[in-house]
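Report on the structure given below.
Coordinate-derived values only; no laboratory data. Keep in mind it's a predicted model, so treat the numbers as computed, not measured. Backbone-built Cβ (ideal geometry, glycine too); neighbour counts: all protein chains shown.
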Amino acid sequence: MKKILITVMFALATLWAGEDSTSVEFDHATLAIEGGALHLLDDANRNLDDSYYGLLELDYTYFRKWIGVVQFGYSYLTTKGDVDYVGIHQFSGRVGLDYPLPFVKPVALGAGFSCVWMRADDENGDVANSSLADNESEFGFYARLNLPIVTWDAWRAGAKIYFETIWTAPENSETAWFGFYLQRNLW
């Protein structure tokens, strides 16, 4: 265990020492629009169909090579089976950090916190006995992989893969998100 800890500390120190420390916080910002598919990985998929999502993202330089991430998105989950309502409106927000992998530029690995707000769509159903009748919000975390495909001038297009865990009772809810984005440098 001691050898593993020393090896990890040495690797982190090596990565840290190789960074460019001349960057200034908030000296670079981008705005992106993203869309893709949301796949439920747990028992929720018995009552809900997989869905599509759309989101807006703001990225900015945070510290050295770290990139700050703020996201806000929406998806509509259609119900299936014996459920009292036709669907669920899901709004999601995330804050986190990405780090560009030095050995696979410009791919970035990131993680952060998630907040999901849900409300039952009572257009055709009765949601009075549902926990989603008066909104439900949950928190969790996400990990993501940012795979830029094309960069030109102030624009970038690519793909992102997310794994998200939301801390719900009695068990956590897990989802996978796969999407494509178009990003523009703001400054």
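Report, by chain and number, residues whose modeled amide H sits under 5 Å from the one on THR168, excluding near sequence neighbours (fewer than 5 apart, same chain).
Residues meeting the criterion, in which the H sits 1.01 Å from N, are SER173.
Given the stretch 21-185, report the % of alpha carbon pairs whose separation exceeds 29 Å.
Details: 3399 of 13530 pairs.
The share of Cα pairs beyond 29 Å in the stretch 21-185 comes to 25 percent.
Could you compute the net charge surrounding ILE149? Neighbours are other residues with a C-beta less than 12 Å from the C-beta of ILE149; K and R count +1, D and E count -1.
+2
Under the rule of at least 5 residues apart or a separate chain, name every residue whose amide H is placed under 5 Å from the amide H of ASP42.
GLU174
How would LEU186, LEU48 line up from fewest to most surrounding beta-carbon atoms within 10 angstrom?
LEU186, LEU48
Enumerate the calculated ³J(HN,Hα) couplings along the stretch 82-95 in order (Karplus 6.51 cos²θ - 1.76 cosθ + 1.60, θ = phi - 60°), each rounded to whole Hz, writing x wherever the residue is Gly or Pro.
8, 10, 6, 9, 7, x, 9, 7, 10, 9, 10, x, 9, 9
How would ARG184, ARG46, ARG144 line up from fewest to most surrounding beta-carbon atoms within 10 angstrom? Before the final figure, lay out each step's value.
On the way: ARG184 13, ARG46 10, ARG144 22.
Placing the least packed residue first, the sequence is ARG46, ARG184, ARG144.
Got a sec to turn the phi values of the stretch 39-53 into Karplus ³J(HN,Hα) couplings, 6.51 cos²θ - 1.76 cosθ + 1.60 with θ = phi - 60°, whole Hz, x for Gly and Pro?
10, 7, 9, 10, 5, 4, 6, 6, 10, 10, 7, 4, 9, 10, 9
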